[in-house]
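Enquirer: Just passing along the structure, written as structure tokens.
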Amino acid sequence: MSRISVDDARALWQAPDEELIARANEVRDRYHEPKRATYMVMRIINYTNVCVAQCDYCAFYVLPNQSGGYVLSRDDVFAKIDELVDLGGDLVAFNGGFNPRLPLDYYCDLFASVRDRYGERVEFYALTVAEFVFLADRAGLSYADTATRLRDAGVHWVTGGGSEILTEDFRARHAKWKYTVADYVAAQRAIVESGMRTTATMVIGFDETLDERLEHLQRTRDFQDETGGLFSFLCWTYKPYGTAFGGREIPPPEYWRHIALSRIFLDNVPHIRTSVLTQNEEAFRALDYGADDFDLPIEDEVTQKAGARIDLDLEGLLAIPRSLGYTVEYRRAERPAALTAS
Ligand code: SF4
């Protein structure tokens with residue numbers, strides 16, 4: 001099957017499920033054994049909830065001058081990582097807000113101390129690309145210099161979070177202080193060029209059009225063609241509770257179909273990940289639609305504040321993909337090849 005265009009994808013979105021599933025699995029089979037999936041046990045550590053970006057779809061943040069803001073201490077962070085390790089996990093993702101009181105040194109010290117304490121036993125995604133852009137901006141540094149500072153502090157990964165829908169119109173409607181798509185892409189390119197690795201993410205279920213979803217996929221595929229730096233693509237769904245924007249959740253079948261379309265379109269990204277965090281039990285059906293990997297998260301305050309439900313019965317969750325005929329294997333976070341000698 002040859003690569004599909006945006007026009008092809010628009011037409012394919014109207015196809016019945018059987019066709020989407022068959023075509024998604026053609027691409028999945030190029031990368032993965034059929035009926036085999038991988039997973040990780042992970043924790044998102046929300047190190048601060050203070051944020052000046054004011055995205056209207058966010059129920060998590062408080063402004064710097066409001067009550068209820070926090071910054072986790074190093075001991076708080078260590079305690080959360082220790083708890084994750086006790087539960088069998090080995091991946092942490094740091095995700096907070098655009099907190100103007102935290103300088104770049106705060107992050108470098110924090111990440112260096114985590115690397116120092118846990119070595120290679122625990123891998124971590126340091127920040128999202130969106131937070132990275134804010135840090136560089138606040139520090140007055142280029143993206144390249146900011147990436148070098150983080151890498152030298154022991155960072156291997158900066159996750160592609162904060163992309164939501166990568167169109168300038170979407171950002172103008174919902175997140176006008178979260179920088180532009182051009183900023184996001186330039187920063188992610190600098191991250192890859194520094195030797196660190198990154199991922200692609202996407203959030204659907206706001207008010208985005210099909211064309212906006214396709215523009216996001218096109219940007220992701222182009223970026224991967226250019227850099228080869230994307231390990232995976234994770235899509236999750238908007239949780240509207242407690243947000244200024246409000247709205248309703250999209251039904252799981254729409255999510256599954258979007259996973260299939262993404263698998264077909266992103267023929268150059270090895271892993272397509274389904275979101276247990278926002279879809280719970282329904283996430284596993286996406287394995288039939290082309291996904292091959294998933295997290296079992298034990299905490300994420302950002303989505304929990306907006307209505308996400310965490311289930312700590314990990315064996316109970318793993319029984320679901322098994323009941324769908326999948327073997328599931330734990331996947332350890334990899335150290336990027338470019339950093340193996342450092
Ligand atoms: S989504 Fe992130 S950047 Fe936007 S307001 Fe919430 S914490 Fe801030």
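The values are calculated or read from the model by the stated rules, or taken from the named source; none is laboratory data. These numbers were taken from a predicted model, which means no experiment stands behind them. Cβ coordinates were reconstructed from backbone atoms using ideal geometry, including for glycine residues, and neighbour counts include every protein chain displayed. For the accessible areas, the whole protein counts, side chains as well, though only heavy atoms, and no ligand, DNA or RNA atoms are used. Shrake-Rupley method; radii C 1.70, N 1.55, O 1.52, S 1.80 Å.
Enquirer: Can Leu230 be described as touching a Lys or Arg at 6+ places or on another chain (Cβ under 8 Å), surrounded by 19 or more Cβ atoms within 10 Å (Cβ to Cβ) and within 30 Å of Arg3 (Cβ to Cβ)?
Expert: Answer is no for this residue.
Enquirer: State the number of residues belonging to segment 164-180 that are within 15 Å of the ligand (Cβ to nearest atom) and closer than 18 Å to Leu234 by Cα.
Expert: 3
Enquirer: Within segment 126-139, count every residue that is under 12 Å from Leu150 (Cβ atoms), away from the ligand (no atom under 12 Å from the Cβ) and without any contact (Cβ under 8 Å) to a residue 40 or more places away in the chain.
Expert: 3
Enquirer: Right, next: Of the residues Glu123, Glu83, only one is more than 16 Å from the ligand (Cβ to nearest atom), touching a His at 6+ places or on another chain (Cβ under 7 Å) and either more than 20 Å from Ala244 (Cα to Cα) or open to solvent by 20 Å² or more (accessible area, probe 1.4 Å) (or both); which?
Expert: Glu123
Enquirer: Given (1) touching a strand residue (DSSP E or B) at 6+ places or on another chain (Cβ under 9 Å); (2) open to solvent by less than 10 Å² (accessible area, probe 1.4 Å), where does Leu261 come up short, assuming only one miss?
Expert: (1)
Enquirer: Another question about this same structure. (1) in contact with a Phe, Trp or Tyr (Cβ under 9 Å, 6 or more places away or on another chain); (2) within 16 Å of the ligand (Cβ to nearest atom); (3) open to solvent by 10 Å² or more (accessible area, probe 1.4 Å): which one isn't true of Ser113, the others all being true?
Expert: It is condition (2) that Ser113 fails.
Enquirer: Further, regarding this structure: Among the candidates Gly205, Gly242, Gly161, which residue alone is among the small types (Gly, Ala, Ser), within 16 Å of the ligand (Cβ to nearest atom), under 19 Å from His258 (Cα atoms) and modelled with pLDDT under 95?
Expert: That would be Gly161, the only listed residue that is among the small types (Gly, Ala, Ser), within 16 Å of the ligand (Cβ to nearest atom), under 19 Å from His258 (Cα atoms) and modelled with pLDDT under 95.
Enquirer: Still on this structure: Among the helices (runs of 4 or more DSSP H) lying completely within segment 60-143, list those that include at least 1 residues that are within 17 Å of the chain's Cα centre (by Cα) and modelled with pLDDT of 95 or more.
Expert: The qualifying helices (runs of 4 or more DSSP H) are 129-139.
Enquirer: Here is a further query. Looking at (1) open to solvent by 30 Å² or more (accessible area, probe 1.4 Å); (2) within 16 Å of the ligand (Cβ to nearest atom); (3) more than 26 Å from Phe206 (Cβ to Cβ); (4) not β-branched (Val, Ile, Thr), which is the one condition that is false for Leu102?
Expert: (1)
Enquirer: Look through segment 282-311, keep the residues that are of a type in the set (Val, Ile, Thr) and within 16 Å of the ligand (Cβ to nearest atom), and return whichever of them is least open to solvent (accessible area, probe 1.4 Å).
Expert: The qualifying residue least open to solvent (accessible area, probe 1.4 Å) is Thr303.
Enquirer: List, please: which pairs have Cβ atoms under 9 Å, are six or more places apart or on different chains, and start with a residue in segment 37-59 that is at positive phi and end with one that is part of a loop (DSSP other than H, G, I, E, B) and within 16 Å of the ligand (Cβ to nearest atom)?
Expert: Gln54/Tyr61; Gln54/Leu63; Gln54/Ala175; Gln54/Lys176; Gln54/Trp177; Gln54/Lys178; Gln54/Ala244
Enquirer: Please find, among Leu217, Leu266, Leu277, the residue that is of a type outside the set (Val, Ile, Thr) and modelled with pLDDT under 95.
Expert: Answer to the check: Leu277.
Enquirer: Can I ask one more? Taking the options Thr180, Thr148, Thr167, name whichever one is closer than 30 Å to Asp116 by Cβ and among the β-branched types (Val, Ile, Thr).
Expert: Thr148
Enquirer: Turning to a different aspect of this structure: In segment 190-202, what count of residues is obtained for those that are more than 27 Å from Leu277 (Cα to Cα) and either within 16 Å of the ligand (Cβ to nearest atom) or buried (at least 19 other Cβ atoms within 10 Å of the Cβ) (or both)?
Expert: 2
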